[in-house]
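Data block below; observations after.
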Amino acid sequence: MPTETGAAHRILVVDDEPDITGLVAYHLAKEGYRVTTAANGTDALRSAREERPDLVVLDLMLPGLSGYDILAELRRREETREVGVILLTARKEEPDRVKGLTLGADDYLAKPFSPKELVLRVAAILRRLAAPAVASGGRLAAGPITLDRGAHRVTVGGKEIELTATEFRLLDRLIERRDRVLSRTQLLESVWRAQPDIQTRTVDMHVQRLRSKLGDAGEWIETVRAVGYRFREPSPPPPPPPASTRRSRRSRRSRS
């Protein structure tokens with residue numbers, strides 16, 4: 001049965017393999033999403049411009065324009081800059097993931113993939129994109145953190161914390177680009193105005209101090225290996241194993 005949430009969103013699936021396109025489209029449509037498809041970069045960009053999807057499921061290895069080219073063009077255009085993008089590809093190497101995230105992808109799922117996991121990731125991204133970070137009066141709010149630009153004030157769970165001017169700008173930028181990966185170079189340009197004497201290690205040190213001041217809320221600042229940082233809700237901890245499993249483990253240890 002289609003979900004009410006899915007019925008409100010358009011998804012564009014871009015892949016040159018008909019079997020993959022059909023599989024993805026079927027499972028998304030079953031959840032109530034309005035799905036369109038494209039098999040190459042030219043059609044994908046035209047559909048993105050005309051259909052205005054909320055999210056694009058994008059393969060990297062396409063004829064003509066690559067998935068990287070499409071992603072870069074989506075982020076360049078004003079009308080598609082904020083669309084969600086999941087990269088769905090057989091290219092699993094770290095440099096490929098790093099490049100995709102740096103260009104602005106929201107998530108990365110390697111083939112072969114679980115259709116159920118893909119649907120869950122799509123829902124998670126759409127949920128995050130639908131949650132506005134900017135409130136009235138120049139305030140940014142995300143989870144327990146509220147940043148007031150006018151008053152130059154930050155609170156965590158209602159309690160004010162003291163930040164330096166640089167830490168304030170850093171947190172402002174991270175929340176403003178919530179769920180988007182920001183490279184160290186991008187942070188240097190936007191927070192430090194790309195001062196030539198500033199090194200990327202400075203970014204890491206300021207993030208470390210900022211996390212410390214935020215306390216538990218510092219977990220919202222995620223390190224993206226070899227790229228930079230992303231501000232998003234931390235994943236919940238895995239559930240504990242069933243009691244029967246724990247007893248079985250203790251029993252095996254006692255016999256050894």
Next item on the list: Identify, by number, the condition in (1) farther than 19 Å from ALA123 by Cα; (2) in contact (Cβ under 8 Å) with a residue 12 or more places away in the chain that TYR33 doesn't meet.
Entry: (1)
Next item on the list: Considering only segment 56-102, state which residues are acidic (Asp, Glu), touching a helix residue (DSSP H, G or I) at 6+ places or on another chain (Cβ under 8 Å) and over 22 Å from ARG128 (Cβ atoms).
Entry: ASP59, ASP69, GLU73
Check: Can you tell me which residues in segment 44-61 are surrounded by fewer than 17 Cβ atoms within 10 Å (Cβ to Cβ), among the charged types (D, E, K, R) and on the phi < 0 side of the Ramachandran plot?
Finding: ARG46, ARG49, GLU50, GLU51
Check: LYS116 fails exactly one of the following numbered conditions: (1) surrounded by fewer than 17 Cβ atoms within 10 Å (Cβ to Cβ); (2) outside the structural domain of LEU210 (by TED's automatic domain parsing); (3) modelled with pLDDT under 85. What is the number of that condition?
Finding: (3)
Next item on the list: Answer yes if at least one residue in segment 233-242 is modelled with pLDDT under 95, within 23 Å of the chain's Cα centre (by Cα) and either surrounded by 16 or more Cβ atoms within 10 Å (Cβ to Cβ) or of a type in the set (A, V, I, L, M) (or both), and no otherwise.
Entry: yes
Next item on the list: Sort out which residues of segment 104-132 are in a helix (DSSP H, G or I) and touching a strand residue (DSSP E or B) at 6+ places or on another chain (Cβ under 9 Å), and write them in order of number.
Entry: GLU117, LEU118, ARG121, VAL122, ALA124, ILE125, LEU126, ARG128, LEU129
Checklist line | Residue satisfying all of: in segment 156-190; in a strand (DSSP E or B) and either modelled with pLDDT of 90 or more or surrounded by fewer than 17 Cβ atoms within 10 Å (Cβ to Cβ) (or both); nearest to the chain's Cα centre (by Cα) among these | finding: VAL156
Next item on the list: Being under 22 Å from ILE161 (Cβ atoms) and surrounded by 13 or more Cβ atoms within 10 Å (Cβ to Cβ) is the filter; apply it to segment 191-207 and report the residue that is modelled with the lowest pLDDT.
Entry: TRP192
Check: Can you tell me which residues in segment 79-102 are assigned to a helix (DSSP H, G or I), closer than 16 Å to ASP59 by Cβ and free of Cβ contacts under 8 Å to residues at least 24 places away in the same chain?
Finding: ARG97
Checklist line | Unmet criterion (only one of (1) free of Cβ contacts under 8 Å to residues at least 12 places away in the same chain; (2) part of a strand (DSSP E or B)) for LEU147 | finding: (1)
Note to self: Being at pLDDT 95 or above, surrounded by 14 or more Cβ atoms within 10 Å (Cβ to Cβ), under 19 Å from GLY104 (Cα atoms) and touching a Leu at 6+ places or on another chain (Cβ under 7 Å) is the requirement here; does VAL83 meet it?
What the structure shows: no
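The values are calculated or read from the model by the stated rules, or taken from the named source; none is laboratory data. This structure is a prediction, so every number in the text was calculated from the model and none was measured. Every residue, glycine among them, receives a Cβ derived from its backbone with ideal geometry; neighbour counts consider all protein chains shown.
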